[in-house]
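The values are calculated or read from the model by the stated rules, or taken from the named source; none is laboratory data. If you're wondering where the values come from, they're calculated on a predicted model, not measured in any experiment. Heads up, the Cβs are rebuilt from the backbone with ideal geometry, glycines too, and the neighbour counts pull from every protein chain shown. Heavy atoms of the whole protein, side chains included, go into the accessibility calculation; ligands, DNA and RNA do not. Shrake-Rupley method; radii C 1.70, N 1.55, O 1.52, S 1.80 Å.
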Amino acid sequence: MAEGDLRARCPWCGTDPLYVDYHDREWGTPLHNDRAFFELLILEGAQAGLSWYTILKRREGYRAAYDGFDPEKVAAYGPPKLAELAVDARIIRNRAKIAASVANARAFLAVREAFGSFDAYFWRFVDGKPVVGNVRDMRQVPATTPLAETVSRDLKARGFGFVGPTIVYAFMQSAGLVNDHLTGCFRFRELAGAS
């Protein structure tokens with residue numbers, strides 16, 4: 001955050017420059033890039049049980065460890081690479097999350113094959129237009145929604161892991177399928193109606 005920047009923001013980002021930059025540039029901005037979708041999918045799964053800030057601080061480490069989040073490369077990971085990732089201090093070294101990331105890469109490629117792109121698959125759940133939360137207070141922001149539960153079930157049926165409704169809802173917020181910036185936040189107004 002630049003000194004003297006007094007724009008109103010969602011309170012969850014606080015004043016840490018990394019978090020403020022993520023809030024101001026990424027969170028809630030509609031994603032339409034499959035590589036970025038894949039990265040977010042892996043990172044949101046890694047975040048399960050942890051804070052997003054913990055993952056955000058390790059994002060560059062993840063990018064290096066996961067071959068720039070190339071889904072074809074990640075889908076091809078075998079036991080030697082999984083063992084390497086399990087001791088890589090740049091990422092969360094949870095074996096179940098690491099195994100799920102490879103399964104998710106394979107499922108991601110299958111979805112892309114079936115729908116032409118992961119973008120096309122995911123945006124169809126909201127008819128191509130972000131759901132606008134219109135929330136004024138953080139207490140009004142849900143942890144999950146019926147839509148997230150539907151998406152979660154669909155992802156699980158397609159072989160994805162670490163995609164429970166709460167993770168899926170956070171994914172949808174991050175990827176801009178949902179605009180849950182508070183109505184008083186400058187990003188809410190910038191993103192209203194974006195797709």
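Scanning the stretch 48-62 for residues that are touching a Lys or Arg at 6+ places or on another chain (Cβ under 9 Å) and either among the aliphatic types (A, V, I, L, M) or surrounded by 13 or more Cβ atoms within 10 Å (Cβ to Cβ) (or both) gives Ala48, Arg58, Gly61, Tyr62. Selection of first residues in the stretch 16-30 that are polar (S, T, N, Q) and of second residues that are modelled with pLDDT of 95 or more, restricted to Cβ pairs under 7 Å at least 6 apart or on distinct chains, gives the following pairs, ordered by first then second residue: Thr29/Gly176.
Okay, residues lined up against (1) surrounded by 19 or more Cβ atoms within 10 Å (Cβ to Cβ); (2) polar (S, T, N, Q); (3) outside any loop (DSSP other than H, G, I, E, B); (4) over 19 Å from the mean Cα position of the chain (by Cα):
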| site | (1), (2), (3), (4) |
| --- | --- |
| Ile92 | yes, no, no, no |
| Asn104 | yes, yes, yes, no |
| Phe108 | yes, no, yes, no |
| Ala114 | no, no, yes, yes |
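For the residues Gly184, Gly159, the requirement of being under 20 Å from Ala100 (Cα atoms), open to solvent by 20 Å² or more (accessible area, probe 1.4 Å), assigned to a loop (DSSP other than H, G, I, E, B) and not aliphatic (A, V, I, L, M) singles out Gly159. Is there any pair linking a residue in the stretch 58-76 that is assigned to a helix (DSSP H, G or I) to one that is exposed (fewer than 13 other Cβ atoms within 10 Å of the Cβ) and among the small types (Gly, Ala, Ser), with Cβ under 9 Å and at least six apart or on different chains, and which? As it stands, the answer is Gly61/Ala89, since those pairs meet every condition given.
Being closer than 16 Å to Val163 by Cα and among the aromatic types (Phe, Trp, Tyr) is true for just one of Phe69, Phe38. Which residue is that?
Details: Phe69 fails: closer than 16 Å to Val163 by Cα.
So the residue among Phe69, Phe38 that is closer than 16 Å to Val163 by Cα and among the aromatic types (Phe, Trp, Tyr) is Phe38.
The sole residue among His23, His32 that is farther than 29 Å from Arg95 by Cβ, under 15 Å from the mean Cα position of the chain (by Cα), open to solvent by 10 Å² or more (accessible area, probe 1.4 Å) and of a type outside the set (A, V, I, L, M, F, W, C) is His32. The residue that is modelled with the lowest pLDDT, among those in the stretch 1-20 that are of a type in the set (A, V, I, L, M) and over 23 Å from the mean Cα position of the chain (by Cα), is Ala2.
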